[in-house]
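The values are calculated or read from the model by the stated rules, or taken from the named source; none is laboratory data. The structure presented is a predicted model; accordingly, all values stated were derived computationally and were not measured. So basically every Cβ, Gly included, is an ideal-geometry build from the backbone, and we count neighbours across all protein chains shown. Protein only, heavy atoms only, side chains kept; ligands, DNA and RNA dropped before computing areas. Shrake-Rupley method; radii C 1.70, N 1.55, O 1.52, S 1.80 Å.
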Amino acid sequence: MTGIRYPTVLDMENNVSKAWSPENLNKIMAALELRDIGELIEYVEDNKSSGH
């Protein structure tokens, strides 16, 4: 549906992807008919990396 390889989408879904390209995000948002990136992803602070 997006032209993105299934393993790439799976890595994104499982939050193991190191990079989320703007092109792939645009393709997924278009396929799902989303208008706001917040409908697709959520930022959650990683306490391990913040030193707390």
Calculated from backbone phi, Karplus (6.51, -1.76, 1.60) coupling profile of segment 31-46 in Hz, x at Gly/Pro
5, 8, 6, 9, 10, 10, 4, x, 6, 10, 10, 9, 8, 10, 5, 8
Per-residue HN-Hα couplings for segment 2-14 [Karplus 6.51, -1.76, 1.60; θ = phi - 60°; Hz; x = Gly/Pro]
9, x, 8, 4, 4, x, 5, 5, 4, 4, 5, 4, 8
3J(HN,Hα) from dihedral phi, segment 17-25, Karplus parametrisation 6.51/-1.76/1.60, rounded to Hz, x for glycine, proline
6, 7, 9, 10, 5, x, 5, 5, 4
Which of the trypsin sites (Lys or Arg not before Pro) across the chain are loop residues per DSSP, with 12 or fewer other Cβ within 10 Å?
ARG5, LYS18, ARG35
Average the reciprocal distances over every distinct pair of alpha-carbons in the chain, invert the result, and give the Kirkwood radius in Å.
12.4 Å
For the chain, dividing by residue count, accessible area per residue (probe 1.4 Å) in Å² works out to 90 Å²
Only loop residues by DSSP count here, and only those with at most 14 other Cβ atoms within 10 Å; note down the GluC sites (Glu not before Pro) in the chain that meet that.
GLU33, GLU42, GLU45
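In whole percent, how big is the carbon plus sulfur part of the accessible area of the chain, probe 1.4 Å, protein atoms only?
Details: 2350 of 4660 Å².
The C+S portion of the solvent-accessible surface of the chain is 50 percent.
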Could you pull the accessible area for LEU40 with a 1.4 Å probe, rounded to 10 Å²?
50 Å²
